[in-house]
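Read the structure below first, then the notes.
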Amino acid sequence: MSSPLAGLTGALLIGGTTSDAGKSLIVAGLCRALARAGVRVAPFKAQNMSNNSVVTLDGGEIGRAQAMQAHACGLAPSVRFNPVLLKPGSDRRSHVVVSGATVGEVGAADYASWRNRLRDIVIDELTALRRDYDVVICEGAGSIAEINLRASDIANMGLARAARLPVLLVSDIDRGGSLAHLFGTTAILDPDDQRLIAGYLINKFRGDPALLAPGLESLRQLTGRSTLGVIPFAQGLWLDAEDSLGVAVGRRLGPPAAEVAGPRLRVAAIRLPRISNTTDVEALACEPGVDVTWVDDPASVAAADLVVLPGTRATVSDLRWLRERGLDSVVAQRITRGAPVLAICGGYQMLARDIVDDVESGSGTVSGLGSVRQRVVFAPDKTLRQVQGASIAGGLPVRGYEIHHGRIVDDEDTPWLVDADGGVEGVRREGIWATHWHGVLADDRFRRAFLRDVAAVAGSDFVGVASGDFVAVEASYDGAREQQLDLIADLLVEHLDLDAVADVIANGAGEQPVLELVGDHRPHNSGWL
């Protein structure tokens with residue numbers, strides 16, 4: 001019997017009733033399932049709003065979720081998969097990254113003025129991807145029912161209408177109200193948008209599916225649309241949670257705690273308001289015996305074996321927040337007494353004597369924490385590149401990437417790393433490990449050597465890392481990502497009606513009914529399509 005995926009061609013948009021409904025992982029799982037069936041598949045997110053980004057091979061910048069989805073397809077990250085990336089620096093303004101390069105800053109009120117230019121870029125790129133691949137799986141942004149934004153939408157129903165994409169609508173039932181979300185989201189759309197909603201997906205279901213079945217049947221009778229899959233809650237999915245809802249204070253990060261002999265290493269990762277590139281923290285969390293928790297209080301920072309000051313999209317603003325909460329003095333006290341602190345990118349910049357920022361925040365000269373003997377000056381041009389090098393002590397090879405405006409000047413400190421061209425990077429002295437390089441802890445040998453050093457400096461009896469280059473329980477960051485991609489793909493293969501999904505991809509939404517609101521007070525859509 002042939003697979004329903006064999007010879008498949010077409011495209012599909014996975015839309016959500018809310019943010020964090022699971023769109024990113026469902027797209028990744030579909031991409032992996034299609035790739036395993038021999039389909040040439042690519043991901044696409046027209047517009048992403050996220051501070052979690054990666055650098056592509058050609059030096060562009062895209063959302064981290066699209067890099068993960070590309071990996072699921074067996075592809076290298078490319079700016080083609082995420083042509084528009086908005087990186088919020090405040091609640092009202094974002095930097096706009098188009099085709100991998102920053103092109104300006106925009107506020108929520110004036111973003112509509114960009115729509116025609118961005119629309120053409122998005123449609124051209126999607127059209128080209130559909131020529132180059134058998135199937136393109138698109139991911140929507142947030143909720144597709146933000147009707148106040150419909151006129152300028154280029155990521156949800158605006159994209160679906162322009163490209164004639166069928167839409168599968170996903171809802172997170174773990175939050176409750178899922179059936180109402182699906183019905184209400186469909187009903188509030190204008191008639192032409194509704195006609196592209198081909199069916200529903202329920203995500204993160206716990207319990208007996210038989211108890212849900214009557215509700216799904218009622219939903220089908222009310223909307224004329226079937227639910228094509230009920231995806232069970234999977235405890236093991238935790239990597240690459242792009243939405244900020246996944247970075248909650250007090251949340252322990254990582255897989256279920258592995259049984260490791262001896263004490264555990266306690267890591268407190270400071271949950272900055274504009275946190276970025278949380279993969280650096282996730283890499284620590286995949287290591288057996290290492291307990292990583294997001295924190296925002298002085299007591300947790302003081303008590304941990306290791307504190308992480310992660311990357312941020314707004315260094316000066318988040319430094320101000322650090323001071324308002326009294327976290328600056330606790331971090332400084334740790335460094336004074338030699339207790340371990342890992343600072344990455346924006347977190348590294350906070351440790352400087354002075355920060356001169358006329359670019360990102362426009363604040364001019366601001367005093368840093370003064371924990372390293374360096375000065376940071378923000379440059380108009382962003383440093384955006386993949387890097388490779390080694391640790392100066394031990395010579396362990398390492399790879400990573402840089403995304404930052406701040407540059408180190410007046411450097412009088414001891415470096416941590418050396419790049420392939422012989423240039424030095426970061427700070428390594430006493431309890432400080434600091435670098436602009438993201439991704440270095442994804443290397444298993446490098447991470448384990450780092451954890452051995454941390455345990456020694458902290459005076460910890462932590463034995464999750466054993467002698468030599470191996471741990472008592474083997475852990476691989478890349479292996480964990482592969483395992484998770486296969487896990488979500490397996491869940492979709494088992495719990496989706498793949499024949500129906502393949503039919504939607506190949507043939508579109510078909511004839512779908514329009515739900516009438518009482519009085520039909522839907523706002524008039526004056527936008528593009």
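The values are calculated or read from the model by the stated rules, or taken from the named source; none is laboratory data. Note that this is a predicted model, so its numbers are computed, not measured. Ideal geometry is used to build each Cβ from the backbone, glycine not excepted, and the neighbour counts take in all protein chains shown. Surface accessibility is based on the protein's heavy atoms, side chains included, excluding ligands, DNA and RNA. Shrake-Rupley method; radii C 1.70, N 1.55, O 1.52, S 1.80 Å.
Between residues in segment 377-394 that are touching a residue at least 12 places away in the same chain (Cβ under 8 Å) and aromatic (Phe, Trp, Tyr) and residues that are surrounded by 15 or more Cβ atoms within 10 Å (Cβ to Cβ) and in a strand (DSSP E or B), which pairs lie under 8 Å by C-beta distance while being six or more apart or on different chains?
Phe378/Ile355; Phe378/Val356; Phe378/Asp357; Phe378/His405; Phe378/Gly406; Phe378/Arg407
Name the residues in segment 407-424 that are among the acidic types (Asp, Glu) and closer than 26 Å to Val359 by Cα, would you?
Result: Asp410, Asp411, Glu412, Asp413.
Considering each residue of segment 196-210, count those that are in contact with a Leu (Cβ under 9 Å, 6 or more places away or on another chain) and touching a residue at least 60 places away in the same chain (Cβ under 8 Å), and give that number.
Qualifying residue count for the region: 6.
Going by the structure shown, is Thr18 open to solvent by 10 Å² or more (accessible area, probe 1.4 Å) and of a type in the set (Val, Ile, Thr)?
It is true that Thr18 is open to solvent by 10 Å² or more (accessible area, probe 1.4 Å) and of a type in the set (Val, Ile, Thr).
Under 9 Å between Cβ atoms, at least 6 apart or on separate chains: pull out the pairs that start in segment 332-346 with a residue that is charged (D, E, K, R) and end on any residue that is surrounded by 15 or more Cβ atoms within 10 Å (Cβ to Cβ).
So the pair list comes out as Arg334/Val301; Arg334/Ala302; Arg334/Ala304; Arg334/Val307; Arg334/Pro340; Arg334/Val341; Arg334/Gly431; Arg337/Gly431.
Pairs needed: first member in segment 415-443, basic (Lys, Arg); second member anywhere, in a loop (DSSP other than H, G, I, E, B); C-beta distance under 6 Å; at least 6 residues apart or different chains.
Arg428/Thr414; Arg428/Trp416; Arg429/Thr414
Residues of segment 131-160 being in contact (Cβ under 8 Å) with a residue 60 or more places away in the chain, charged (D, E, K, R) and either surrounded by fewer than 18 Cβ atoms within 10 Å (Cβ to Cβ) or out of contact with any helix residue (DSSP H, G or I) (no Cβ under 9 Å at 6 or more places or on another chain) (or both), which ones?
Asp132
Determine which member of the set Arg119, Arg131, Arg150 is outside any strand (DSSP E or B), in contact with a Phe, Trp or Tyr (Cβ under 7 Å, 6 or more places away or on another chain) and of a type in the set (Lys, Arg).
Just a single option satisfies the conditions, and that option is Arg119.
Would you check if there is a residue in segment 100-113 being open to solvent by 10 Å² or more (accessible area, probe 1.4 Å), free of Cβ contacts under 8 Å to residues at least 12 places away in the same chain and of a type in the set (D, E, K, R)?
Yes: segment 100-113 contains one or more residues that are open to solvent by 10 Å² or more (accessible area, probe 1.4 Å), free of Cβ contacts under 8 Å to residues at least 12 places away in the same chain and of a type in the set (D, E, K, R).
Determine whether segment 442-450 contains at least one residue that is outside any helix (DSSP H, G or I) and out of contact with any helix residue (DSSP H, G or I) (no Cβ under 9 Å at 6 or more places or on another chain).
The answer is no; no qualifying residue exists.
In this structure, is Ile26 in contact with a Phe, Trp or Tyr (Cβ under 9 Å, 6 or more places away or on another chain) and either without any contact (Cβ under 8 Å) to a residue 40 or more places away in the chain or buried (at least 24 other Cβ atoms within 10 Å of the Cβ) (or both)?
Details: in contact with a Phe, Trp or Tyr (Cβ under 9 Å, 6 or more places away or on another chain): no; either without any contact (Cβ under 8 Å) to a residue 40 or more places away in the chain or buried (at least 24 other Cβ atoms within 10 Å of the Cβ) (or both): yes.
Here the answer is no, as Ile26 does not meet what is asked.
Here are His95, His71: which of them is within 20 Å of His404 (Cα to Cα) and either at pLDDT 90 or above or not in a helix (DSSP H, G or I) (or both)?
One residue alone meets the criteria, His95.
Can you name the condition, by its number, that Gly508 falls short on among (1) out of contact with any strand residue (DSSP E or B) (no Cβ under 8 Å at 6 or more places or on another chain); (2) within 19 Å of Gly15 (Cβ to Cβ)?
Status for Gly508: all satisfied but (1).
Is there a residue being assigned to a loop (DSSP other than H, G, I, E, B), out of contact with any helix residue (DSSP H, G or I) (no Cβ under 7 Å at 6 or more places or on another chain) and not hydroxyl-bearing (Ser, Thr, Tyr) anywhere in segment 7-19?
yes
Given the condition modelled with pLDDT of 95 or more, open to solvent by less than 10 Å² (accessible area, probe 1.4 Å) and either in contact with a Cys (Cβ under 9 Å, 6 or more places away or on another chain) or part of a helix (DSSP H, G or I) (or both), answer yes or no: does some residue in segment 293-307 qualify?
yes
So which residues in segment 322-359 are more than 14 Å from Gln374 (Cβ to Cβ) and open to solvent by 40 Å² or more (accessible area, probe 1.4 Å)?
Once the filter is applied, which keeps residues that are more than 14 Å from Gln374 (Cβ to Cβ) and open to solvent by 40 Å² or more (accessible area, probe 1.4 Å), segment 322-359 yields Arg323, Glu324, Arg325, Ser329, Gln333, Thr336, Arg337, Asp358, Val359.
Restricting attention to segment 457-475, which residues are at pLDDT 85 or above, surrounded by 13 or more Cβ atoms within 10 Å (Cβ to Cβ) and in a loop (DSSP other than H, G, I, E, B)?
Once the filter is applied, which keeps residues that are at pLDDT 85 or above, surrounded by 13 or more Cβ atoms within 10 Å (Cβ to Cβ) and in a loop (DSSP other than H, G, I, E, B), segment 457-475 yields Ser460, Phe462.
Hey, among Val501, Val454, Val493, which residue is at pLDDT 95 or above, within 18 Å of Ala35 (Cα to Cα), in contact with a strand residue (DSSP E or B) (Cβ under 7 Å, 6 or more places away or on another chain) and not in a loop (DSSP other than H, G, I, E, B)?
Val501 is the lone residue from the list that is at pLDDT 95 or above, within 18 Å of Ala35 (Cα to Cα), in contact with a strand residue (DSSP E or B) (Cβ under 7 Å, 6 or more places away or on another chain) and not in a loop (DSSP other than H, G, I, E, B).
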